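The values are calculated or read from the model by the stated rules, or taken from the named source; none is laboratory data. Only a predicted model underlies this, so the values are computations on that prediction, with no experimental measurement involved. Here the Cβ positions follow ideal geometry from the backbone for every residue, glycine too, while neighbour counts run over all protein chains shown.
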Amino acid sequence: RGVPWRGGVARGEPWAMARRALPIGMTNASSMVHARSDQVILDAMGRRSGLAAYAVAARINEAVLSLANAAGAVSFPVIAQAAGADRDLAVRRFGRIACVVGALAAVGVFALAPQLLLLLGGPRFESSSDLARILTLALAVSVANLPFAQSVLARGRAARLLRLSIAFAVANVVLTVALVVVLDESGAALATATTEVVGFLAVAWVAHALAPRSVPWAVVVATPVLTAGATWGALVLWRAGLEPVGVALAAAGTASLVALAAIDPGGHDRMHLRRTGRG
C-alpha cells in the first residue's frame, strides 16, 4: 500500500516496519531490566560486598546466553520460514534441543563454578560458587526458552511477549527485594531463578496457545524440575558432605532429561500429521 518511492519501497512502509519492530525492541529492553534489576537492588539496599560476587557469578550466565543467542540466529529463520505442521515440528525439535542444552550448560556451570569464577573474577571470588550454582536454574530455562519465544515472534505476537516480559520484570523486582532482606545476595539469585522458571513456562504456554502441537510439554516441565534437582539438590548434598551422592544426583537428573527429550512423548503423532498433511 502507499505510493512507491526510491528503492521500490512503498511510502509509509518504513514506519509500518518500525511499528512492528517496536514491541520486539521493548521486549528486549524489558528482558535486560529483568536481568540487571537484581544487581541494582543489591546496590540500592547497601549489599555492595555481596554485589561484586553476585555480578561475577551472573557474568557466567551472560556468557553462556550470548552463545545461545548466537545459535538462535540459526533456529529463528527456520521457524519463521516454515508454515503449518512444518513450523510446529521445527519448534518442537528446537525446543527439545534447547531444553537439553540448557540443562547440560547448567550442570556444567555447576560443576565448574569455582574455576569459572577464578577465571572471570580472580581468586577473590572463587568462594562465591554457591551464587553461580543457584543461578544455574535461571541459565537452563533461559536457554530453553529461546525457540518458544521465537515461535511467538514468528507468528506475529511480539506484543504478548512484551506484556509477559514487563510483568515478570516487575515480579522479579518485588521478589528480589523481599528475599534480599532475608537471604542477602542468595535471595537475589533465588528470586531471579524463580521468575525465570515461571516466565519460561508462561512463554511456552503462549506458544502452545498459538500452536498446541509445537510444545513438548513433558520435556518443558521436566527441564526446570530435573535441573533444579540436579543442581540445587546436589548443592544441598555437597554442603552436607555427601559429594558422591550429589554427583550421582546431578548425573541422574541430566540423563533423565536427555532420555525424555530423545523419546519426546507426544512427538510421534506430530510426525504422523506432517507426513499425512493433516497438521
Looking at the stretch 166-178, is at least one residue part of a helix (DSSP H, G or I), among the aliphatic types (A, V, I, L, M) and closer than 30 Å to Gln81 by Cα? yes
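For the stretch 169-189, how many residues are surrounded by 22 or more Cβ atoms within 10 Å (Cβ to Cβ) and under 20 Å from the mean Cα position of the chain (by Cα)?
Residues flagged as surrounded by 22 or more Cβ atoms within 10 Å (Cβ to Cβ) and under 20 Å from the mean Cα position of the chain (by Cα) within the stretch 169-189 amount to 5.
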Among the residues of the stretch 44-55 satisfying the criterion of being part of a helix (DSSP H, G or I) and either within 19 Å of the chain's Cα centre (by Cα) or free of Cβ contacts under 8 Å to residues at least 12 places away in the same chain (or both), which is surrounded by the fewest Cβ atoms within 10 Å (Cβ to Cβ)? Arg48
For Ala105, indicate whether it is touching a residue at least 12 places away in the same chain (Cβ under 8 Å), part of a helix (DSSP H, G or I) and closer than 25 Å to Ser75 by Cα. yes
Tell me whether the stretch 113-136 contains one or more residues that are of a type outside the set (A, V, I, L, M) and not in a helix (DSSP H, G or I). yes
Filter pass, Val9 being modelled with pLDDT under 85, surrounded by 13 or more Cβ atoms within 10 Å (Cβ to Cβ) and either more than 14 Å from the chain's Cα centre (by Cα) or of a type in the set (Asp, Glu) (or both): no
